[in-house]
Amino acid sequence: MNSEQLCTLIVDALDDVKAQDIAKLDVRKMTPVTDYMIVASGTSNRHVKALVDNVSEKAREAGHKPIGVEGEEGGEWVLLDLQDALVHVMLPKVREFYNLEKLWSLGSADDLAVTDA
């Protein structure tokens, strides 16, 4: 599975569990660490955890084992590392504070794709 297919799988998995404001950032020109960052919001700590769990499960089913997960204890911001894609799921207030979309879209406007979920 290439990174674009993985990205589609992630966005679909987030959408399945009603993630809000899903943003896909193509960061291939900015960092060698990953190809994409997907940022989404959950409505509560439980929702954030459920979103990450669903993405993790769908990725495993597709043969793409997650490298690591950070932040599950608190549930305000959970990072799921799938190597070719980093998934950030946050509560809206945390997302607004850190504003990752702005930080990582300093390239061209074409690198940022936001999908309504």
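The values are calculated or read from the model by the stated rules, or taken from the named source; none is laboratory data. This is a predicted model, so every value here is computed, not measured. Because the Cβ atoms are built from the backbone with ideal geometry, glycine has one as well, and the counts that use them run over all protein chains shown.
Okay, here's what the table says:
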read-out	value
Subset of segment 80-117 that is modelled with pLDDT of 60 or more and among the polar types (S, T, N, Q) - its residue that is surrounded by the fewest Cβ atoms within 10 Å (Cβ to Cβ)	Asn99
Among the candidates Thr34, Thr43, residue that is surrounded by fewer than 22 Cβ atoms within 10 Å (Cβ to Cβ), of a type in the set (S, T, N, Q), closer than 24 Å to Leu103 by Cα and at pLDDT below 95	Thr34
